[in-house]
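The values are calculated or read from the model by the stated rules, or taken from the named source; none is laboratory data. What you are looking at is a predicted structure, and each value in this text was computed from that prediction instead of being measured. Note: ideal-geometry Cβ built from the backbone for every residue, glycine included; neighbour counts use all protein chains shown. Calculation scope for accessible area: heavy atoms of the full protein, side chains included, ligands and nucleic acids excluded. Shrake-Rupley method; radii C 1.70, N 1.55, O 1.52, S 1.80 Å.
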Amino acid sequence: MKETGDFGEAVCARYLRKKGYTLRASQWRCRFGEIDLVAEKGGVLCVVEVKLRSNLSRGLPREAVNWRKRQRLRSAAACYLSTYEIDLPVRFDVAEVYTDGGYTVTDFRYIENAFTFE
């Protein structure tokens, strides 16, 4: 499970770099939880939740970022900002990585502003 999650995060990291983002952290942990990727572009700090799926039997990947997960991500982002004394606007994005059940990406969707800080 962790191995496939790491694969999804690597796919997303490559996408972000290709789009001109600077990666600041991956798998950043604090007492509130984990942030998959932290990236920056154009003076905006992006907190990215990566979801990998090989089928839709459990719904769309973005649907797994429910109210509780969003709350944990908001708290972890606030912790990240205070830990590194960062004063940038924050955007929460969700990356959906679809595979064939192995390590072949069949689709990739990047959702900017998937939810807000509040």
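Only loop residues by DSSP count here, and only those with at most 15 other Cβ atoms within 10 Å; note down the chymotrypsin sites (Phe, Trp or Tyr not before Pro) in the stretch 1-102 that meet that.
Counting only loop positions with at most 15 other Cβ atoms within 10 Å, the chymotrypsin sites (Phe, Trp or Tyr not before Pro) in the stretch 1-102 are Tyr84.
Put a dot 7 Å past each Cα toward the Cβ at Glu112 and Ala10; how far apart are the dots in nm?
For the pair Ala10/Glu112, the computed spacing is 2.8 nm.
What distance in nm lies between label points placed 7 Å from Cα along the C-beta direction at Asp87 and Ala25?
It works out to 2.0 nm between the two label points.
Mind listing the Cα extents of the chain along all three principal axes, in Å, largest one first?
Extents along the principal axes: 41, 31, 23 Å.
When the chain is fully extended, how far beyond the present Cα-Cα distance does Arg72 get from Val105, taking 0.36 nm per residue of separation?
Full extension of this stretch gives 9.1 nm more.
How large a share of the accessible area of the chain, in percent, is made up of carbon and sulfur atoms when the probe is 1.4 Å and the other protein chains stay in place?
C and S fraction of accessible area: 48 percent.
How big is the shadow of the Cα convex hull of the stretch 12-77, averaged over all directions, in nm²?
5.1
How big is the shadow of the Cα convex hull of the stretch 63-118, averaged over all directions, in nm²?
If I average the Cα hull's projected area over directions, I get 5.0 nm².
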